[in-house]
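Data first, discussion second: the structure below is written as structure tokens.
The values are calculated or read from the model by the stated rules, or taken from the named source; none is laboratory data. This structure is a prediction, so every number in the text was calculated from the model and none was measured. Please note: Cβ atoms are built from the backbone with ideal geometry, for glycine as well, and neighbour counts cover all protein chains shown. Protein only, heavy atoms only, side chains kept; ligands, DNA and RNA dropped before computing areas. Shrake-Rupley method; radii C 1.70, N 1.55, O 1.52, S 1.80 Å.
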Amino acid sequence: MIQVGLIDYAIHKAFPALSDGRQVFRALDYLHGTHPGSDISFVSGVGTRSKEVAYGNNRADFSFIAGGVVPGALILKPDLPENSENWPFFWGENEYVVNMSPSYIALVQAAIDLGKR
């Protein structure tokens, strides 16, 4: 979802007639808790309810790293969203992904830039 927002931002900057940049804000909304399955923010320490049981490079079980970004909800057959909050070792849901944090920061900067207009 982060990449969708960043691509929409790049298209908006290069060709403003093709895109209004709205996907940047939709991507942030999704990361901050507007998604299927729960209202938990996928960015630890951001939002009223954020992911606080995650598995990161600190290897401290059942803890979190502020600003870490997790992949989020998995869609299991038959189309059931799952976002387990009590077990950090579900890597598809609760493991911090190193390259998502800088991309998240770029997305926030894009939203700030679009908000100035």
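Quick notes on this one:
- Per the listing G68, G47, the residue uniquely open to solvent by 30 Å² or more (accessible area, probe 1.4 Å), modelled with pLDDT under 85 and within 13 Å of the chain's Cα centre (by Cα) is G47.
- Enumeration of residues in the stretch 11-25 that are without any contact (Cβ under 8 Å) to a residue 24 or more places away in the chain and either touching a Phe, Trp or Tyr at 6+ places or on another chain (Cβ under 9 Å) or assigned to a helix (DSSP H, G or I) (or both): I11, K13, A14, S19, R22, Q23
- Output for the stretch 1-28, where each listed residue is surrounded by 14 or more Cβ atoms within 10 Å (Cβ to Cβ) and over 20 Å from the mean Cα position of the chain (by Cα): I11, H12, S19
- A106 being part of a helix (DSSP H, G or I) and either open to solvent by 30 Å² or more (accessible area, probe 1.4 Å) or at pLDDT 90 or above (or both): yes
- Only one of the numbered conditions (1) of a type in the set (A, V, I, L, M); (2) at pLDDT 85 or above; (3) more than 23 Å from V4 (Cα to Cα) is violated by A60, and that is (2).
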